[in-house]
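The values are calculated or read from the model by the stated rules, or taken from the named source; none is laboratory data. Model, not experiment: these values are computed from the prediction. Glycine gets a Cβ as well: all are built from the backbone with ideal geometry, and neighbour counts include every protein chain shown.
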């Protein structure tokens, strides 16, 4: 059952936090240093780290990041199909994203023998097909 949020439960970021959110969610900033991100957000490093240590801000950032990824599922799947056709062994990046979105899980085979020991094996995708 979905939890109903009261108005007091909704976290409203400050202006500084909004600028940091904008930079943190911008894919062009992913490969930037903290110093470069601070410059992009027009905030000090102290402000950046203070905001990044705020659990409510981090929860908001994580929620917005997941929402952004969910909006890109079609692009992720299309990239996976396109790239898999030319190089099927290099899909770990997209696999991680799809796993995070609960759209992919590794298949596990569990076998029980007479001694009631459990052997769990993961399929080896790197071995040649038989």
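Per-structure values
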item	result
Boolean, residue 99 is surrounded by 12 or more Cβ atoms within 10 Å (Cβ to Cβ) and closer than 30 Å to residue 121 by Cβ	yes
Cross-chain or 6+ apart pairs with Cβ under 7 Å, the stretch 6-19 first and assigned by TED's automatic domain parsing to the domain that holds residue 51 and on the phi < 0 side of the Ramachandran plot, then modelled with pLDDT of 90 or more and assigned to a loop (DSSP other than H, G, I, E, B)	16/43; 19/42; 19/43
Sole residue being outside any helix (DSSP H, G or I) and not assigned by TED's automatic domain parsing to the domain that holds residue 95, chosen from 23, 43	43
Subset of the stretch 69-82 that is in a helix (DSSP H, G or I) and in contact with a helix residue (DSSP H, G or I) (Cβ under 9 Å, 6 or more places away or on another chain) - its residue that is farthest from residue 103 (Cα to Cα)	79
Residues satisfying the stated conditions in the stretch 57-69, i.e. touching a residue at least 24 places away in the same chain (Cβ under 8 Å) and surrounded by 12 or more Cβ atoms within 10 Å (Cβ to Cβ)	57, 60, 61, 64, 65, 66, 69
Every residue from the stretch 25-40 that is within 30 Å of residue 98 (Cβ to Cβ) and surrounded by 12 or more Cβ atoms within 10 Å (Cβ to Cβ)	25, 26, 29, 32, 36, 37, 40
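Residue-wise test of (1) within 23 Å of the chain's Cα centre (by Cα); (2) modelled with pLDDT of 95 or more; (3) not in a helix (DSSP H, G or I).
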position	(1), (2), (3)
5	no, no, yes
11	yes, no, yes
17	yes, yes, no
36	yes, yes, no
